[in-house]
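Please read the structure below before turning to the comments.
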Amino acid sequence: MATLVEKSRSDHDKIMSRALDQWGFEGQITKTFEECSELKNALRRYKRGEAKDKEVITEVADVMIMASQLAHYFGSQKVKDEINRKLSRVERRLGETSDSTFA
Ligand SMILES: [Mg+2]
């Protein structure tokens with residue numbers, strides 16, 4: 001069985017559309033809150049040595065799926081453009097500071 005990542009871009013878009021159609025945008029916003037909270041909690045446990053990599057990986061995947069649905073809703077190209085803009089900013093900052101934050 002193919003994973004989400006192995007699916008083609010058009011399959012991915014179809015799944016995003018179906019999820020939004022079935023559960024609605026408002027429902028997916030609520031689900032995004034839940035998944036972000038689960039990732040935050042998994043990272044907190046991981047930082048304390050109480051969670052394994054697999055738990056964090058699962059929660060990262062959940063958040064990425066929800067973020068993909070939001071990108072699909074708001075416009076995937078707009079989000080890609082913003083990611084590129086922000087990564088360029090991060091790249092510039094890498095040589096400027098020893099700040100420990102990423103984005
Ligand atoms: Mg989750």
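If you look for lysine pairs in the chain that are eight or more places apart or on different chains, how many of them have Cα atoms under 25 Å apart?
18
Which of the three applies to region 5-103, rounded, prolate or oblate, going by the alpha-carbon gyration tensor with a ≥ b ≥ c and a/c under 1.5 meaning rounded?
Values: a/c = 2.13, a/b = 1.21, b/c = 1.77.
Taking the square roots of the gyration eigenvalues as a ≥ b ≥ c, region 5-103 is oblate.
Between residue 47 and residue 90, what FRET efficiency follows from the Cβ-Cβ distance if R0 is 30 Å, with the result rounded to 0.05?
Rounded to the nearest 0.05, the efficiency is 0.85.
How long is the gain from residue 82 to residue 56 if the chain were fully straight, where each residue apart is worth 0.36 nm and the alpha carbon distance is subtracted? Please list the in-between numbers first.
On the way: separation 26, 0.36 × 26 = 9.36 nm, distance 2.54 nm.
Using 0.36 nm per residue and subtracting the Cα-Cα distance, I get 6.8 nm.
Rounded to the nearest 500 deg cm²/dmol, what is the calculated helix-only ellipticity per residue at 222 nm for the chain, with -39500 (n - 2.57) per DSSP H run of length n ≥ 4? Walk me through the intermediate numbers first.
Working: 3 runs with 80 residues, N = 103.
So the helix-based figure for the chain works out to -27500 deg cm²/dmol.
At what distance in nm do the modelled label points of residue 11 and residue 37 sit from each other, each positioned 7 Å from its Cα along Cα→Cβ?
It works out to 3.3 nm between the two label points.
Each reported figure results from applying straightforward, stated rules to the coordinates on display, with no laboratory input. Predicted model, so just to flag it, every value in this text is computed and none were measured. When we count neighbours, we look across all protein chains shown, and the Cβ atoms used for this are built from the backbone with ideal geometry, even at glycine.
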